[in-house]
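Shown next, in structure tokens, is the structure this report addresses.
The values are calculated or read from the model by the stated rules, or taken from the named source; none is laboratory data. Not measured: the values here are computed from a predicted model. Cβ atoms come from the backbone with ideal geometry, glycine included; neighbour counts cover every protein chain shown. In case anyone asks, the SASA skips ligands and DNA or RNA and just uses the protein heavy atoms, side chains included. Shrake-Rupley method; radii C 1.70, N 1.55, O 1.52, S 1.80 Å.
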Amino acid sequence: MTGGEMNELERPKARGLRPATLFVALAAVIGIGFLLFGGPAPEQGQPPQEPAVVISAPVPIAEFAGGPSGSGRGTGVGLVRETGTPGGTLNILLPREKDIRLLNVWGYARLVGFNERLELQPDILEKISVIEGRIFEMTLRADHRWSDGAPFTTEDFRYYWEDIANNPELSPSGVPDELLNDGEAPIVEILDARRVRYTWTYPNPRFLFLLAQAREPYIYRPSHYLKQFHARYGDAAAIAQMVEAEKLSSWAALHNRRDSMYDNDNPALPTLQPWMIETAMPAQRLVLKRNPHFHRRDDAGQQLPYLDEIVATIAEPSLIPAKTAAGESMLQARGLGFGDITALKSAEARGNYRTLLWRITKGSQVALFPNLNVNDPVWRTLLRDARFRVALSLGIDRGDINRTLYFGLGIEGNNGVLPESPLYDAELMTRNATFNMARANALLDELELARGADGIRLLPDGRKLEIVVETAGENAEEPEMLELIAKTWRELGIQLIIKPYERSVLRNRVYSGETVMSVWSGWNNGVPTPMMSPNELAPTAQDILCWPKWGQYFETKGSSGEAPDMPEAQALIELYNAWSAAQDDGTRAAIWKQMLAMHAEMQFSIGTVAGVSQPVVVSNNLRNVPENGIFGWDPGAQFGIYRMDLFYLKR
């Protein structure tokens, strides 16, 4: 669900419509020059015209991982890195065996990736040329190798495209949605062993950002390893024997089991990440060894990563805070929350660590989502009246919530963008989000929601104004926060009733229109730049909880869901399309700000407190971990943008 991902380990969906003139200059993001070139698209197999943008590598690690001082306000900009000493073992704790996949997120080796300034730079690629916003020509590094020493070439891209993405047995639903642009798959051309070209008919502004995600799409595979399990290349008898031995249904199931690039659970699968899994599962102690062919080097020419191995011990989730305080983890954020900070701080000397506080990048730690597509006609009419939503927002004492739950350290206000974003506006963050019972009561009276004998207001059809807020109960602060909200809403004559559901049940209830209001975290990306899509601010996806049916209509191009019939929602779609068609960073920023202003004014979702601290426990012996940072999934990959391959143990 958006407003906070349903699961940070689930792949985000690709979304969007084809704009009229889509792609924009990447100069503001990548810090290089930009020129537009007109003319017809090149024929397939012909060299394209001069690229509009060339993003080149290598980038000096000093710039890639720190660079000159700036005004990043906590993103890690200006951090200083030491030249490290290779070697050593990093011990961490994980709550589940399958969380070993997080090491591929934190390692953050990507074709292109974000640095700590949230700028795109090449990483695995030597460079990428972008023409007309729709043609992407990638150049691989010379002599780059997989972890087993086999060459990494464009054959690995061809194998994925032809033999996986377009194989009906391995991809029965067809090419993955994230590679479609207005429903169109790219033309993929292998130019030579180091160059591959992706071409769409229309500009695709999402492609580079897709490649930089925490959960990357892996548009390449280690073909030299996987071919032995593929019916087109492998020995039929050997494949049949493996299928029978593992009690699988087909060669495709066997191939899928071996092809676990993201899951990181196959020790035999070669990788390009800084560490490679060595332990077969199931296991309680998982060991990852240094990739001897990793492509990054430090300023002194030493090959990265510095750390020889990472040992992940599976621990009962409820015990992770105590085990961390006892010094059993040398780098820990997983399994820790704001409520653990006091205990962690008090045990620092004993555990030989320090507790860093990184700002969580959600638009709001907890947000309320009125369902504007609710089935009940009385509720639907009321929830679509902005006066009612504003009254609900004004009736929340965010100061009390902040002091009670977050020691006053959070940012009180709307579901919005944080100070680390260049789009931050302090006035928008608090518009219609300051505690004002008099104004809230006046708005409710204006709506003619009269109070009954017990003080609870009545809906227009005579029912009590009882708002059932449905929750999955996965945020530790939700119950107490909802109780605090219920207290002040009761003074407004509104009864708040908390009703928990299992996550999938809650999701389906919201989608079907049964839910009146739900609670989740705020926008996934609270630190956007103008170049990042404002898709969370418009009805572009079913999993945006305030308008699921409109979002489904957008996603399915009208085949399912409901067409937006509310002028404000239609306006947001138009603004989203305008952002997609914008030709410069200034125009995109202006569109972002207009959309943010609409949300502050209309309260489509109701934020509470943002910028809550994520405790990050770091051993006193572990160096090059920034003291100040942001902690988010996309952008950021949690530890990813701070380059774990540069972390080292001082000995």
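Under 17 Å of direct C-alpha separation, and excluding same-chain neighbours fewer than eight residues apart, Lys549 reaches these lysines: Lys13, Lys557.
Over segment 361-501, the fraction of Cα-Cα pairs per 5 Å bin, rounded to whole percents and listed from the shortest bin up, is 2, 9, 17, 23, 21, 15, 9, 3, 1, 0. Taking every protein chain into account, the 1.4 Å probe leaves Glu536 with about 20 Å² of accessible area, to the nearest ten.
Give me, ordered by chain and number, the residues 5 or more places off Thr279 or on other chains with an amide H under 5 Å from its own placed amide H. The list, which skips near neighbours in sequence, is Val287.
Share of pairwise Cα-Cα distances greater than 20 Å in segment 137-285 is 54 percent (whole percent). When the Cα positions of Val505, Ser533, Thr608 are compared along the charge dipole of segment 367-610, Val505 comes out farthest toward the positive end, with charges on each C-beta of Lys, Arg, Asp and Glu. Distance from the alpha carbon centroid of segment 367-446 to that of segment 593-651 works out to 23 angstrom. Label zone (Ala571, point 7 Å along Cα-to-C-beta; backbone nitrogen cut-off 20 Å) within segment 519-557: 534-541, 546-548, 550-551. Note on Lys227: lysines with a C-alpha under 26 Å away, same-chain residues under 8 apart excluded, are Lys98, Lys247, Lys289. Under 5 Å between amide hydrogens, built in the peptide plane, is the criterion, and for Leu94 it picks out Thr313, Ile314, Ala315 among residues at least 5 positions away or on other chains.
Remark on segment 367-610: Rg and Dmax equal 17.5, 59 Å (Cα only). Computed over the chain, the per-residue total of -39500 (n - 2.57) for DSSP H runs of n ≥ 4 gives a 222 nm mean residue ellipticity of -7000 deg cm²/dmol, rounded to 500. Packing around the peptides 598-610, 456-468, taken as the average count of other Cβ atoms within 10 Å per residue, puts them in this order, highest first: 598-610, 456-468.
Accessible surface area normalised per residue over the chain is 37 Å², counting heavy atoms of protein chains with a 1.4 Å rolling probe.
Rounded to the nearest 10 square angstrom, Arg334 shows an accessible area of 50 square angstrom against a 1.4 Å probe. Principal axis extents of the Cα atoms in segment 172-218, from largest to smallest and rounded to whole angstrom, are 27, 26, 25. Between Ala185 and Ile456, the FRET efficiency estimated from the beta carbon spacing at R0 = 60 angstrom works out to 0.60. Solvent-accessible area assigned to carbon and sulfur over the chain amounts to 50 percent, based on a 1.4 Å probe. If you take the Cα centroid of segment 259-296 and the Cα centroid of segment 302-337, the two points sit 17 Å apart. Projecting the Cα atoms of Phe631, Ile314, Tyr202 onto the dipole axis of the chain, where Lys and Arg carry +1 and Asp and Glu carry -1 at the beta carbon, places Ile314 farthest toward the positive end. Loop-located GluC sites (Glu not before Pro) in segment 224-301 (DSSP state other than H, G, I, E, B) with a sparse environment of at most 12 neighbouring Cβ atoms within 10 Å: Glu246, Glu278. Computed about its Cα centre, the charge dipole of the chain is approximately 920 debye, with only Lys, Arg, Asp and Glu carrying charge at their Cβ. Once the whole set of protein chains is in place, how much accessible area is left on Lys323, using a 1.4 Å probe, in Å² to the nearest 10? That residue has around 60 Å² of solvent-accessible surface. The residues Lys247, Lys98, Lys549, sorted by heavy-atom accessible surface at 1.4 Å with ligands and nucleic acids left out, run Lys247, Lys98, Lys549 from largest to smallest. Any chance you could check the Cα centroid distance between segment 540-559 and segment 560-574 for me, in angstrom? Each part reduced to its Cα centre gives a spacing of 9 Å. When DSSP beta bridges are restricted to pairs lying wholly in the chain, around 75% turn out antiparallel. Secondary structure note: in segment 367-610, about 55% of the DSSP beta bridges are antiparallel.
The simple Förster model, with R0 at 22 Å and r as the Cβ-Cβ distance, assigns Glu446 and Glu601 a FRET efficiency of 0.85.
Restricting the calculation to Cα atoms, the chain yields a radius of gyration followed by a Dmax of 25.5, 80 Å.
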